[in-house]
Amino acid sequence: MADSYTKLYIQLVFTVKRRECLIHADWENELYKYITGIIKLKDQSLIAINGMPDHTHMFIRIKPTCALSDLVREVKKASTNWVNDNKFTQSAFSWQNGFGAFSYNERQVDMITNYIKGQKAHHAKKKFKDEYIGLLKEFKIDYKEEYLFDWIEVE
């Protein structure tokens, strides 16, 4: 075969450290624009981004040369510095270690895009913990609940 042909779609999910509700509506969109810029600089495509005050979902199309862990590390590092440099929070902001990554196919792109865009409405009905554990179960990912997050119960 003379060339490589791929379409790799990944939903990323990660939380604010201790699941603190630090992402405020007055600067949330600026954070998402900043993260979009990081992903573009890394030559990847962001399809959708949205979240809640304590976590973020992203849907990206990645190239096969992209090391997903490196991309997530760069997004977290740069966005943490951006939030702190702009003094958007009274305490130091940071993302929790780790992340969830879930792969999808072309037929699921619209569904996942709409799911991410509708996060606020979705979480009016379902807690993040239930959502995240549901994803882990759906994708048959082994986990130990005590190691998922530094939980602060958020209603």
Out of curiosity, is Asn50 surrounded by 14 or more Cβ atoms within 10 Å (Cβ to Cβ), free of Cβ contacts under 8 Å to residues at least 12 places away in the same chain and either over 14 Å from the mean Cα position of the chain (by Cα) or under 17 Å from Phe99 (Cα atoms) (or both)? no
Can you find a residue in region 61-84 that is touching a strand residue (DSSP E or B) at 6+ places or on another chain (Cβ under 6 Å), assigned to a strand (DSSP E or B) and closer than 15 Å to Val16 by Cβ? no
Which numbered condition trips up Arg18, out of (1) at pLDDT below 95; (2) assigned to a loop (DSSP other than H, G, I, E, B)? (2)
Please work out which one of (1) at pLDDT below 95; (2) buried (at least 18 other Cβ atoms within 10 Å of the Cβ) is the condition Val75 fails and give its number. (1)
Looking only at region 93-122, and only at residues there that are farther than 16 Å from Asp70 by Cα and of a type in the set (A, V, I, L, M), the one that is modelled with the lowest pLDDT: Ala121
Any residue in region 87-98 that is over 14 Å from Leu12 (Cβ atoms) sitting within a Cβ distance under 7 Å of a residue that is among the charged types (D, E, K, R) and not in a loop (DSSP other than H, G, I, E, B)? List the pairs, counting only those 6 or more apart or interchain. Ser94/Lys17
Can you tell me which residue in region 137-152 is modelled with the highest pLDDT, limited to those that are within 21 Å of Glu20 (Cα to Cα), aromatic (Phe, Trp, Tyr) and part of a loop (DSSP other than H, G, I, E, B)? Phe149
Restricting to region 22-46, name every residue that is part of a loop (DSSP other than H, G, I, E, B) and surrounded by 14 or more Cβ atoms within 10 Å (Cβ to Cβ). Leu22, Ile23, Lys42, Gln44
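The values are calculated or read from the model by the stated rules, or taken from the named source; none is laboratory data. Model, not experiment: these values are computed from the prediction. FYI the Cβ positions are ideal-geometry reconstructions off the backbone, even for glycines, and counts take in every protein chain you see.
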